Amino acid sequence: MKKALFLAAKDLRVLLSDKGNIFWVFGFPVLFALFFGAIYSSAGKGPSGMKIAIVDEDKSDFSGSYVSRLESDEALSVVYLSRDEAVEQVRKGKVAAAVILKEGFGGGFEALFNNDEPRLEIASDPSRRMESGYLQGLLAKAQFEALGDKFVDREWMKGQISLWRDDMEGANDLDAEQAKLYLDFMDSFDTLLKDVNEDDFRAGFDGDMLNFAKLDVSREREGPIAPFQITFPQVLLWGFMGCTATFAISIVKERTSGTFARLRVGPIGRAHILGGKGLSCFFTCMLIMCILSVGAIAIFKMPMGNWLLFIPAVLCTILCFVGLMMLICTLGRTEQSVGAAGWAMLMIMGMLGGAMMPLAFMPSWLRRFGHFSPVKWGIYALEGAVWRNFAPTEIIGPCLVLLTIGLTSFLLGVAMLRRQDS
Amino acid sequence: MIKVENLKKRFDNIVALDDVSFEVKKGETFGLLGPNGAGKTTAINILCGLTKPDQGTVSLDGKADPTVPEVRLSLGVVPQTLALYEELSAQENLRFFGRIYGLSGRKLKERISNCLEIAGLSQRSKERVSKYSGGMKRRLNMVCSLLHEPPLLLLDEPTVGVDPQSRNLIFETIEAMKKQGRTIIYTTHYMEEAQRLCDRVAILDHGRILDMDSVENLIIKHGGPSHIEAEFEEKLSEPDKLKSFIEDKNAQFEEAKIRFKTSKPMESLAMLNRSGMRFRTLKVQTANLEDVFLNLTGRRLRD
């Protein structure tokens, strides 16, 4: 054990003597934390400043009110263009979408409920489908809000009911009995508009038309989730991945430079040497964890969640990556080949495991592959401890998966190293 | 001290060692001389437990199986490649390897200081190895194996690619080790090194030992005759008279010069001296290990 500790101490010294290693192991995860933390900190508000082109061909009061609502939304940045210009700007990718308010858009209920001839057209950039979906929601919201303003205008409502009544009376394809039911309803509504006092009318029709309450699905906890709490598990995983790649390369470097052979002709066994490597990788990952945790708590004021669950979650994740390090170092015989193959393997694991983008953004078939990525289980275990408020029994599953992957990779790596050496 | 019996090792279709046997006595310096690819490094790797032979046995100081770490404690191996941590200083390298061999405290400090002195690196001990010259690295590479004062040293071509100054320092160090009674196995393809350092030499080619003996005996057995060229003060008026002093029937005579081969150069020169002719210049080219190798294999060592 003492010799394995000497080996580990030497590896740490070698690691810290290389600025490149320091960046990948310590610097990169911090940059990741800052970058994605900034993204997640505004995630609750949705995208901001999405540039859209407005083509107002209706030029009615209603279209003016509608457009002013879009203009006042922080999520949008509005420019006014002609139809051709707007479509061209979308094609060139300069605006996310063109919103065309056709003539008759402000035509009240007739325009709103006419499915045969929509009065609102959207031309969106096919490469920005997610933004397009978000935009449709904002457009619907603005439309409901603009309508809400009209609903409290008694004269406008009376005019709309009158137009509806004319349509109904002229409709030949409607059963007389059914038509009478509608006309009776409109008579009653007309009476209501005429007789109801102003306060009661406004209380009934004014206000948010899309109003909903959010249910909190997390267990009891102190304070809200901080943005960096969400990115913290990913940041740790990036640190561990950097460390894994660095130490896998260092094993190959030892083998190609002859120091591995020098150690092997010394009075220590192969198990000592590999154990020492594993130990130094473990210690470095722990160091990364400590630095990032202290930074997250001290600088970003991040609440740590449950420490008692965080410790086993982080230990299991680190042990998993120590095992992977041993497997990765056998992927090639030179530093270059192991560096390239190792990072490629880790990147794929990272992508599938949600270290680059949240799994929710992936198609469902791709998400299934995430189950094979230790990154996914690492993030899941750490999230469980940091902000998902897992119960102790809930964290056992991901921890067992991590330990199994780690042990299997370690044994496989040692067996392959032995085979390569012989 | 070291006993090697019937070693055989094959890498796919290449026979690296073919029935190699030798014995090295305590305090002896034994050379393995052969061209590149002769099997020298494979032999060293088997001796230090890095490679397992397909057949045969190795015994170090009476203990079998050098793959057992404890057996290797008595071994100091100087590998052919530079096996150093370039990111660390010479002192840090020595400290690390010393600790691996179980040294600590004052003893470790003393040994580090001693080894740095041997390598001539005391003044630059705190610099990173990556800043050293090739020769400095070679010297450090060697002393890293001497830290634990092993009774048995295996040196695998320790002078490859070094400057003359470092080469001499390495020779002096090995000679000092010899004086201390260490047992040394030295591989090289430089016959001058083997001739200078080794008590006995095994000529290795294509994995086989062609012969093994002291350098003198090998030269006598396989080196062939010495070449003598003598120039006299006066012209040779009676060459036939001189012919009676030399045994070489193909001797060449030119005005005041004679060239001939002999297996006993000193005796031939004494006889010529007795002839009364006065020498102006004299060149004696005795056989060496290069000739031994050439005569044994039909090839030069560095072919």
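Working from label points 7 Å from Cα in the Cα-to-Cβ sense, the residue A:23 to residue A:366 distance is 2.8 nm. Sorting B:278, B:300 from the fewest to the most surrounding beta carbons within 10 angstrom yields B:278, B:300. Expressed to the nearest 5 percent, the antiparallel share of DSSP beta bridges inside region A:47-151 is 35 percent.
Excluding same-chain neighbours fewer than eight residues apart, the aspartates and glutamates reachable from residue B:107 by a Cα-Cα span under 15 Å are B:149.
If you count, for every residue in B:71-80, the Cβ atoms of partner chains within 10 Å of its Cβ, what is the mean?
Taking the mean over all residues of the peptide, I get 3.
Applying a 4.7 Å cutoff between beta carbons, the unpaired cysteines of chain A are A:243, A:281, A:285, A:290, A:320, A:329.
Counting DSSP beta bridges in region B:2-220, what percent are antiparallel, to the nearest 5? Beta bridges within region B:2-220, antiparallel portion: roughly 55 percent.
Taken one residue at a time, the phi angles of region B:74-83 give Karplus couplings (6.51, -1.76, 1.60, θ = phi - 60°) of 8, 10, x, 10, 9, x, 5, 7, 6, 9 Hz. Gly and Pro are set to x. Look at the dipole of the protein assembly as shown built from charges on Cβ: of A:379, A:401, A:138, the Cα furthest out on the positive end belongs to A:401.
Based on DSSP H segments of at least four residues, each scored -39500 (n - 2.57), chain B has a per-residue ellipticity at 222 nm of -9000 deg cm²/dmol. Given axes a ≥ b ≥ c from the Cα gyration tensor, I'd like to know whether chain B is rounded (a/c under 1.5), prolate (a/b larger than b/c) or oblate. It comes out prolate by the Cα gyration axes.
If you count the DSSP beta bridges with both ends in the protein assembly as shown, what percent of them are antiparallel, to the nearest 5? The answer is about 60 percent antiparallel. Can you grab the distance from the C-alpha centre of region A:69-86 to the C-alpha centre of region B:1-53, Å, no decimals? Distance between centres, Cα-based: 83 Å.
Packing here is the average count of other Cβ atoms within 10 Å per residue, and on that basis the peptides B:261-272, B:129-140, B:27-38, highest first, run B:27-38, B:129-140, B:261-272. On a C-alpha basis, how far is the centre of region B:93-161 from the centre of region B:237-291 in Å? Whole number, if you could? Value for the Cα centre distance between the two parts: 50 Å. Dipole check for chain A: with +1 at the C-beta of Lys and Arg, -1 at the C-beta of Asp and Glu, and the Cα centre as origin, the magnitude is about 5180 Debye. Using a cut-off of 23 Å between Cα atoms, the listed pairs A:277/B:8; B:40/B:283; B:249/B:283 include A:277/B:8; B:40/B:283 as exceeding that distance. Placing R0 at 41 angstrom, the Cβ-Cβ distance between residue B:104 and residue B:282 gives a FRET efficiency of 0.10 after rounding to 0.05. Highest mobility in the GNM of chain A, judged by mean-square fluctuation with C-alpha springs under 10 Å and restricted to A:393, A:317, A:246, is found for A:393.
Here region A:242-350 is assigned +1 on the Cβ of each Lys and Arg and -1 on the Cβ of each Asp and Glu. Its dipole about the Cα centre then comes out at about 280 debye. Listing A:254, B:231 from fewest to most neighbouring C-beta atoms within 10 Å gives B:231, A:254. Placing pseudo-labels 7 Å out from each Cα toward the beta carbon at residue A:167 and residue B:192 gives an inter-label distance of 10.9 nm. Taking a cut-off of 18 Å between Cα atoms, list the lysines near residue B:25, but don't count ones fewer than 8 places away on the same chain. Once the sequence-local lysines are set aside, what remains near residue B:25 is B:3, B:63, B:178, B:179.
For A:253, A:194, B:109, what ranking results if the residue with the fewest other Cβ atoms within 10 Å of its Cβ goes first?
A:194, B:109, A:253
Using a Förster distance of 56 angstrom, determine the FRET efficiency expected from the C-beta separation of residue A:144 and residue A:294, and round it to 0.05. Here the calculated transfer efficiency is 0.70. Each stretch of four or more DSSP H residues adds -39500 (n - 2.57); spread over every residue of chain A, this sum gives -22000 deg cm²/dmol at 222 nm. Kindly state, to the nearest 0.05, the FRET efficiency for residue A:348 paired with residue A:152, given R0 = 51 Å and r defined as their beta-carbon distance. After rounding to 0.05, the efficiency reads 0.35. Rounded to the nearest 20 debye, the dipole size of the protein assembly as shown about its Cα centre is 5960 debye, using +1 on the Cβ of Lys and Arg and -1 on the Cβ of Asp and Glu.
Peptide A:268-274 is shielded by partner chain Cβ atoms: per residue, an average of 2 of them sit within 10 Å of its Cβ. Relative to the dominant Cα principal axis of chain A, helix A:154-170 is inclined by about 80°.
For the pair region B:166-236 and region A:345-410, the centres of their Cα atoms are 66 angstrom apart. Exceeding 20 Å between C-alpha atoms, which entries from my cross-link table qualify? They are B:221/B:243; A:10/B:109; A:59/A:150. Table pairs above 20 Å Cα-Cα are B:221/B:243.
With a ≥ b ≥ c the root eigenvalues of the C-alpha gyration tensor of region B:201-303, is it rounded (a/c under 1.5), prolate (a/b larger than b/c) or oblate? Judged from the Cα gyration tensor, region B:201-303 comes out prolate (a/c at least 1.5, a/b above b/c). Inter-chain neighbour count for A:12-22: the average number of beta-carbon atoms from partner chains within 10 Å of each residue's beta-carbon is 2.
Think of chain B as having a plus end and a minus end, set by charges on the Cβ of Lys, Arg, Asp and Glu; of B:289, B:214, B:197, B:197 sits farthest toward the positive end of this dipole.
A short reminder: the numbers here are calculations on the coordinates, not readings from a lab. In this text, all values refer to a predicted model and were calculated from it rather than measured experimentally. Virtual Cβ from ideal backbone geometry, glycine too; neighbours counted across all protein chains shown.
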